[in-house]
Amino acid sequence: MAIVTLTRQSGSYGDEIGMLIARRLGYTFYDKHEIERRIIAKGLPKEEFLKYDERKPRFLDRFAKNRDKYLNYLSAVVLDMAKEGNSVIIGRGAFLFLHDVPNHIALRLVSPLEARIKHIMEIKNIENEKTAQILLEKSDKRKVAFYKSCFKYDLGSNNLIHATINTEMVNPDMVAEMVVAGIKNNITPEIEEAGERRVLELILAQQMANKLIFEHGLHIDELWVVVRDKEISLSGLTSFHATVERAETILESEYSGYKVVSKIKCVQDNRFSKA
């Protein structure tokens, strides 16, 4: 019926609420461990995964192709989960990959620091409040940096989030009940069908990006492919106009019936063009 994504502050009952929603709807719950398992199974080495997963990359890593490779694998895994349908996915920017899918519900779970300290001390058996506070503050900083570095997204903006819930004010059972009722009452078969079509378009766009970058070896930084209603839109940065032309030719020849619109910016080196 729907795809639910959760982003949360550590200690705000994210996993507990995600599991409750999945259990009551009969959905599959995908946590960080399953996302990690699937990304590594697809071929990304674990050491590369750990460099970027919900953390701020080191200075040089921010410019490395491995970051884009991590995001490529992450996108593929999230879309696979969405295609399977009836899923609850927590963390890793999943809501950003699925933001325009009609049957997708994006929730953010927050709570005051004091409440989160108390909860994290309980679940991790931490006896010292200061230790728990330092742990949470580091986690918050890592997540903010991860979203900014990998997605250029301000985690505090709540853009692309359907609802933000303070879990100190609403207990996990009530949150789950509200979400379940909302889905059952509002996600119609027509919305579900439109969502399935959109996920297939997103998967196709991912395949096109992989074809250009990995199969044909085109050098296009921050390549973004959007497929909608038989139109392919390309954006990114490259150094040569020939690269843009080749990308258009490849997609037009291998995906007949689609119109290609390129918004790729060509940044050429003009150091030797001066008279």
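Data for the structure
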read-out	value
Under the Karplus curve 6.51 cos²θ - 1.76 cosθ + 1.60, θ = phi - 60°, whole-Hz ³J(HN,Hα) for the stretch 99-106, x wherever Gly or Pro sits	4, 10, 7, x, 9, 9, 10, 10
Helix axis angle, 172-186 relative to the chain longest principal axis, alpha carbon, degrees	50
The chain - percent relative contact order, Cα under 8 Å, separation 6 or more	22
Helix 189-210 vs. the chain, principal-axis angle (Cα, 0 to 90°, nearest 10)	50
Per residue, in Å², the accessible surface of the chain once ligands and nucleic acids are set aside, probe 1.4 Å	54
DSSP-defined beta bridges in the chain - what % are antiparallel, rounded to 5	20
Theoretical gain in end-to-end length, Glu222 to Lys265 [0.36 nm per residue, Cα-Cα removed]	14.4 nm
Ile39 accessible area, assembled protein chains, probe 1.4 Å, Å²	0
Difference of contour (0.36 nm per residue) and Cα-Cα distance, Ile134 to Leu50	28.1 nm
Using alpha-carbon coordinates, inclination of helix 14-25 to the longest axis of the chain, degrees	90
Accessible surface of the stretch 221-264, 1.4 Å probe, proportion on carbon and sulfur as whole %	49
Built amide H within the under 5 Å cut-off of Ile105, gap 5+	Ile3, Val4, Thr5
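The values are calculated or read from the model by the stated rules, or taken from the named source; none is laboratory data. Worth saying up front: this structure is predicted, and the values here are computed from it rather than measured. Calculation scope for accessible area: heavy atoms of the full protein, side chains included, ligands and nucleic acids excluded. Shrake-Rupley method; radii C 1.70, N 1.55, O 1.52, S 1.80 Å.
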